1. What FRET efficiency would be calculated for the residue pair residue 127, residue 84, taking the C-beta separation as r and a Förster radius of 30 Å, to the nearest 0.05?
2. Given a cut-off of 21 Å, name the pairs among 231/291; 23/344; 67/171; 23/67; 3/167 whose C-alpha atoms lie farther apart than that in the structure shown.
3. For the chain, what is the charge dipole size about the Cα centre, in debye to the nearest 20, if Lys and Arg each add +1 at the Cβ and Asp and Glu each add -1 at the Cβ?
4. Please work out how much length the chain gains when fully extended from residue 359 to residue 273, using 0.36 nm per residue of separation minus the C-alpha to C-alpha distance, in nm with one decimal.
5. Only bridges whose two residues both fall in the chain count here: according to DSSP, what percent of them are antiparallel, nearest 5?
6. Once you sort the root eigenvalues of the Cα gyration tensor of region 330-374 as a ≥ b ≥ c, which label holds: rounded (a/c under 1.5), prolate (a/b larger than b/c) or oblate (the other case)?
7. Calculate the tail of P(r) for region 248-328: the fraction of all Cα-Cα distances greater than 20 Å, expressed in %.
8. Please list, in chain and number order, the residues 5+ apart from residue 149 or on another chain whose amide H is under 5 Å from its amide H, with Hs placed from the backbone.
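The values are calculated or read from the model by the stated rules, or taken from the named source; none is laboratory data. Here the structure is a predicted model, which means the values were calculated and not measured. Cβ coordinates were reconstructed from backbone atoms using ideal geometry, including for glycine residues, and neighbour counts include every protein chain displayed. The accessibility values were calculated without ligands, DNA or RNA, using every heavy atom of the protein model including side chains. Shrake-Rupley method; radii C 1.70, N 1.55, O 1.52, S 1.80 Å.
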Amino acid sequence: MQKRIAIIGGGIVGATAAYYLSKLPGSEKIKVTLFDDGVGQASKAAAGIISPWLSKRRNQQWYRLAKAGADLYPELIHDAQLGTDVYQQTGTIVTREDEADLETLFALAQDRRKTAATMGDVTTLTAQEVQDQVPLLTAPQPGVVITGGARVDGAALVDGLLAIASKRNLKVSHERVKLNAQGQVITSLGARQFDRVILAAGAWLKELIAPLGVNADIRPQKGQLIELAVKDYPLQEHMPVVMPEGERDFVPFGHGKLIVGATHENDGKFDLSINSEVTADLLGSAQRLVKSITADSLIGVRVGTRAYTSDFAPFFGPIPEHEDFLVASGLGSSGLTTGPQIGKFLAGSALYGGTPDWSQYEKPLTTYLASSAE
C-alpha cells in the first residue's frame, strides 16, 4: 500500500518539500497531495536576494540555517533544471557611505568567507566601480561585492518545483483546507486521513493547528514590492543585486526589469490590498537610486503575507505529541533563503520518519509551540 502524505501550503517550503518527496529514494512508494488556495502566499510575491553572509543577526542557529540554504541553491537549481530567470548567482553588493563602516563590513565578509566557500570572492568597490557593475544606478555608493550572492524569483521557483513534482507523484488541490481534532484534513470533498502531514501554511499556521490543541507563536506581516521598467543593458543582463544603505533592496532581473523592495508592514497583517502610500515610498527609494525612474516606470506591485515569531527565528519539525504532523513557519523575510533547506529537511522526515536532530539550526519547537490548554 502506498504511503499518503499531505502538504498544506504551496509556498517555498511546501513546494520544495513536494519536489524532494518526488525524487528522494522511496518516492515511488508514496502519493503526495498539496493543498493551497494561493491567497497571500509570501513566496509568490517575493523576489529576493540570496546573500545571508553579512547579516548581523546574533542568532547563530539562524545563520547556519541561512548559510545551508544558500549552499543548497546551486544544487537544487541544477538538479531541477531551472533557468537563470528563476535563480542566478549575479553577485550582491552591500553599500556603505562611511569609510569606516565599509572597512568593518569588508572585515566581516572576509571572516565569514573562511567557513562559507559559496560566498565566492569578496572585494571592496568605489562608488564608480559599483556604477560600472550596475549602470542603472545614478547615485551609487561604495560597497562590498560578494560574487556568490544571487537573485531569485520566488513565484517562478515555486511554480517550477511544483511542475516537476506533478509529473511524478504530486497532485495539487487549489483549495483551503482545515484540520479537525482527530488530525484529519477537512477538504471540500470531506475528511481525509494521511500518514504524514507537512504544515507549511506560513502565517496561517496558528489557526490551522488550533484544532489539535496547539498554539503557535506566529504573527503575520504584510510585505509589498514594486516592479519597474528600466533601461535595458543587453551586454549587462546579469547585474549584481544591490543592498543600498538607507534604501530598499534593488534587484535587476535583466531585459529592462527591476524589482525594488520589500516592505515590512506589521500593521498590515493579512491585508493584501495595494497601499498607494507604500508604493510611492518604494518608488521614491528607486528614484533616489535611478534618476530616470518616474511613476510611468511602474509596471506591477506584489503583495504577500510573511510569518514571524517573537524572536524572529523560524522553526520546523514534528509537533510534540503529534508526531505525524510536521510544521514550518516563522521564516520572515529570509524565507527564500531558508525555505528550500527546511523543505528538504521536512521531506526526508516525512518519507523516512525518525526524529532528526536539527538543534544546530533552531531552538526546540516548544519555544514556539505549546498546548492551548496550558
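1. Here the calculated transfer efficiency is 0.60.
2. 67/171; 23/67
3. The dipole magnitude comes to about 1160 debye.
4. Going from the current span to full extension adds 27.2 nm.
5. Of those bridges, close to 70 percent are antiparallel.
6. Oblate shape, in that a/c is at least 1.5 and b/c is the bigger or equal ratio.
7. 50 percent
8. The list, which skips near neighbours in sequence, is 91, 92.
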